[in-house]
Amino acid sequence: MKKVIIAPSILSADFAALKYDVKMIEEAGVEWVHIDVMDGHFVPNITVGPVVVKSLRKETKLFFDVHLMIANPEKYWREFKEAGADLITFHNEVSAEKNKLVEDIKSSGIKAGISIKPETSVSEIETLLPYLDLVLVMTVEPGFGGQSFMENMIPKIKSLRKIIDENNYDCLIEVDGGIDSRIASICVDAGADALVSGSYIFAAKNPTEAVKSLFV
């Protein structure tokens with residue numbers, strides 16, 4: 001059985017105690033932390049910037065999975081890389097020259113991913129798959145935490161799994177949106193390698209147990 005990557009999203013953490021929440025998930029056994037960056041343009045919400053990433057980098061050795069939900073990733077990704085990102089994922093729906101952006105990110109020494117919103121088809125990113133380290137499938141509309149998982153996204157995960165496996169691409173499938181212990185099993189069965197979970201973990205009475213329940 002493959003090892004599933006759990007990437008708790010600090011979007012749902014207590015920002016007044018961010019260091020302690022990150023330590024808590026690290027002690028619960030995760031190796032990644034998901035950092036949602038929102039600019040108020042690509043999505044209506046605004047969250048953290050490179051300064052927060054840099055501050056957290058001093059506190060943990062977790063793999064920093066940075067998700068840029070921003071309109072101009074080509075303009076800002078280097079700041080997040082310098083702040084300590086290990087993986088930078090940007091959205092297919094932005095106007096950036098995607099091939100060049102993937103190449104630039106990877107040539108800087110970190111990993112590159114691309115994210116697709118619920119209405120975006122797998123076919124739109126298929127030519128990029130040989131060059132990507134990760135595809136992030138959004139199973140909610142990006143921009144807000146606490147939404148319910150869209151079950152009609154499961155065929156998209158399965159389609160990606162089939163393409164990646166048939167071509168032996170070295171590309172992980174990550175799923176983000178409405179992930180709890182039940183949905184985690186469904187996503188892994190469909191082919192997911194990594195799961196992002198926010199509210200389910202940080203709003204739980206026992207966040208450590210919530211983390212452990214996702215290791216399906």
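Annotations for the structure displayed:
Here's the yes/no breakdown for (1) among the charged types (D, E, K, R); (2) assigned to a loop (DSSP other than H, G, I, E, B):
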site: 130; (1), (2): no, no
site: 141; (1), (2): yes, yes
site: 173; (1), (2): no, no
site: 178; (1), (2): no, yes
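Residue-wise test of (1) assigned to a helix (DSSP H, G or I); (2) touching a residue at least 12 places away in the same chain (Cβ under 8 Å).
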| site | (1), (2) |
| --- | --- |
| 48 | no, yes |
| 54 | yes, yes |
| 78 | yes, yes |
| 105 | yes, yes |
| 115 | no, yes |
| 127 | yes, no |
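- Taking the listed residues 148, 181, the one that is open to solvent by 20 Å² or more (accessible area, probe 1.4 Å), in contact with a helix residue (DSSP H, G or I) (Cβ under 6 Å, 6 or more places away or on another chain) and polar (S, T, N, Q) is 181, with no other qualifying.
- The stretch 22-53, residues that are of a type in the set (D, E, K, R) and within 18 Å of the chain's Cα centre (by Cα): 26, 31, 36, 39
- You will find that of 158, 205, 162, the residue that is under 23 Å from residue 17 (Cβ atoms) and charged (D, E, K, R) is 205 and no other.
- Test: residue in the stretch 189-204 that is farther than 29 Å from residue 39 by Cβ, assigned to a helix (DSSP H, G or I) and open to solvent by less than 10 Å² (accessible area, probe 1.4 Å): yes
- Matching residues, the stretch 1-10, being open to solvent by 30 Å² or more (accessible area, probe 1.4 Å) and either assigned to a loop (DSSP other than H, G, I, E, B) or over 26 Å from residue 186 (Cα atoms) (or both): 1, 2, 3
- Among the residues of the stretch 11-35, those identified as touching a strand residue (DSSP E or B) at 6+ places or on another chain (Cβ under 7 Å), without any contact (Cβ under 8 Å) to a residue 60 or more places away in the chain and open to solvent by less than 30 Å² (accessible area, probe 1.4 Å) are 22, 33, 35.
The values are calculated or read from the model by the stated rules, or taken from the named source; none is laboratory data. Predicted model, so just to flag it, every value in this text is computed and none were measured. All Cβ positions, glycine included, derive from the backbone under ideal geometry; neighbour counts span all protein chains shown. What goes into the accessible areas is simple: the full protein's heavy atoms, side chains included, and nothing from ligands, DNA or RNA. Shrake-Rupley method; radii C 1.70, N 1.55, O 1.52, S 1.80 Å.
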